[in-house]
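Trainee: There's a structure below that I have some questions on.
The values are calculated or read from the model by the stated rules, or taken from the named source; none is laboratory data. If you're wondering where the values come from, they're calculated on a predicted model, not measured in any experiment. Here Cβ is always computed from backbone atoms with ideal geometry, including for glycine, and neighbour counts include all displayed protein chains.
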Amino acid sequence: MGTTIIPVDLSTATVGTTGDINIPTVTSGEGYHLLLFNESGCGLKLRFLQSDDTDNIPAGGWRKYPLIPGETTVTWTVIYVLPNAPVSLLIGTTYKPGEEVPDIGTLGNSPIAIGGTVNTVGGTASSIQNDGNAAGTRIMEATVAGDGPSAVILTNDAQFTLGDTAHKGSMTMQGSLNMVGSGAGNGNVNINNGLRFYNNVSVLRLFALILAASGNPSILTSADNGQLDILKSDQSTLLARFDETVGMHIYSALNLDPTGLVDNGSTSGTATLYQLLVGNVKLVVILQDNFRNGGAAINRALPTAFTKRALCWGSNLAGLSFLSGGNAITFAQYTGIGAGGFTNTQVTAFTSSTLNELSAFDTIQYSGGNGSAHNGVMVIIGV
């Protein structure tokens, strides 16, 4: 038939309240069984003094425990309290060896709605409502059997804990996560062990972390292709790329690996223009490789025009001019160094190897009618 234990009144219990369940001394070598019914709104942590085993029993939980010989006391501690529980008792029954131990049921939980009323909204049981309680009141809690801390906690003031030391939290969602608000503590995402994203074939990749050795925040290139891209807000225009193999590319004011603008000589070779700086300060390099243009002049517009002044140095180049609005500018070609500084001649065309000072221009014109091939280079820097 079993022997009931003295009921424990939990109606005034608060978090941290503790007490003992005294059970008849277990003398049989086969041990007894304890059926425990937590008919209250208190979540309890149990400790069996003789075996030093522990367990958590949620509000409304029913449990069956085998007791080792010599077990006389079970200590309970309140770990949370759900409001408005209709019953607040901890009751139980012990069973000696040979006595039939009844089943606690498939659910193992009280059917009397421990933890307060679950209100239905719109005539359906699709919503849990918890209003008018103090901040920090738990409206959801779950603990894995054998664990100490809760693995899932949701409070009425919007504090959500998912996971514990033994069972790491994991959340899968489709769609977007919106963090709203402004000011300190609003819209923040706190990540303890690296930020990871799935690539387009659903392989998880580490994107950012704090380095243990230095404590420095670090953004990582992709483990798939060794690159990290910075895009415009249109999500397609590339502003910068960091590449593990070839280094850094910046596609706005600075481009250390620009695309060469190639013009073919009508007779032989090529003239290639590179513009590395396109911001306030501009830098252009022109390379002629076996270049001979025996036909008509070739105009090559700059990606970004020089708007003020520039200096250019060139060596062994076929003739060229600098155009502004379609017209060749007149510029200073330095011819020597005198007592007062450089001497110069005003010209409209560059010839072979010289140092020059230019005004604003937007186009390079490679001259036509070249009599020989050239392998030369020019550097232009200015504003």
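Trainee: Taking the stated definitions as given, is Ser222 in a strand (DSSP E or B), outside the structural domain of Val281 (by TED's automatic domain parsing), in contact with a strand residue (DSSP E or B) (Cβ under 7 Å, 6 or more places away or on another chain) and not hydrophobic (A, V, I, L, M, F, W, C)?
Mentor: Working: in a strand (DSSP E or B): no; outside the structural domain of Val281 (by TED's automatic domain parsing): yes; in contact with a strand residue (DSSP E or B) (Cβ under 7 Å, 6 or more places away or on another chain): yes; not hydrophobic (A, V, I, L, M, F, W, C): yes.
When the stated conditions are applied, Ser222 does not pass them.
Trainee: Pairs needed: first member in segment 295-315, in the same structural domain as Gly368 (by TED's automatic domain parsing); second member anywhere, among the hydroxyl-bearing types (Ser, Thr, Tyr) and part of a strand (DSSP E or B); C-beta distance under 6 Å; at least 6 residues apart or different chains.
Mentor: Matching pairs, first to second residue: Ile298/Tyr366; Asn299/Thr363; Ala301/Thr363; Ser315/Ser353.
Trainee: Here are Asn356, Asn370, Asn344: which of them is over 23 Å from Val262 (Cα atoms), buried (at least 18 other Cβ atoms within 10 Å of the Cβ) and assigned by TED's automatic domain parsing to the domain that holds Gly295?
Mentor: Numbers: Asn370 fails: over 23 Å from Val262 (Cα atoms); Asn344 fails: buried (at least 18 other Cβ atoms within 10 Å of the Cβ).
Only one candidate passes the filter, namely Asn356.
Trainee: If a residue must be assigned to a strand (DSSP E or B), out of contact with any Lys or Arg (no Cβ under 7 Å at 6 or more places or on another chain) and of a type in the set (Val, Ile, Thr), how many such residues does segment 298-330 contain?
Mentor: 2
Trainee: Given the conditions (1) farther than 20 Å from Leu273 by Cβ; (2) surrounded by 16 or more Cβ atoms within 10 Å (Cβ to Cβ), report the number of the one that Ser321 does not fulfil.
Mentor: Tallying (1) farther than 20 Å from Leu273 by Cβ; (2) surrounded by 16 or more Cβ atoms within 10 Å (Cβ to Cβ), Ser321 fails exactly one: (1).
Trainee: Now for a different question. Could you please let me know if Tyr366 is modelled with pLDDT of 95 or more and over 23 Å from Gly279 (Cβ atoms)?
Mentor: Values: modelled with pLDDT of 95 or more: yes; over 23 Å from Gly279 (Cβ atoms): yes.
Yes: the conditions hold for Tyr366.
Trainee: Now a separate question. Mind checking whether some residue in segment 296-309 is out of contact with any Gly (no Cβ under 6 Å at 6 or more places or on another chain), farther than 29 Å from Leu239 by Cβ and either modelled with pLDDT under 95 or surrounded by 15 or more Cβ atoms within 10 Å (Cβ to Cβ) (or both)?
Mentor: yes
Trainee: Regarding segment 369-383, can at least one residue be identified that is at pLDDT 95 or above, within 49 Å of the chain's Cα centre (by Cα) and not in a strand (DSSP E or B)?
Mentor: yes
Trainee: Also: Can you tell me which residues in segment 271-311 are in contact with a Leu (Cβ under 8 Å, 6 or more places away or on another chain) and among the hydroxyl-bearing types (Ser, Thr, Tyr)?
Mentor: If the condition is that a residue be in contact with a Leu (Cβ under 8 Å, 6 or more places away or on another chain) and among the hydroxyl-bearing types (Ser, Thr, Tyr), then Thr272, Tyr274 are the ones that fit.
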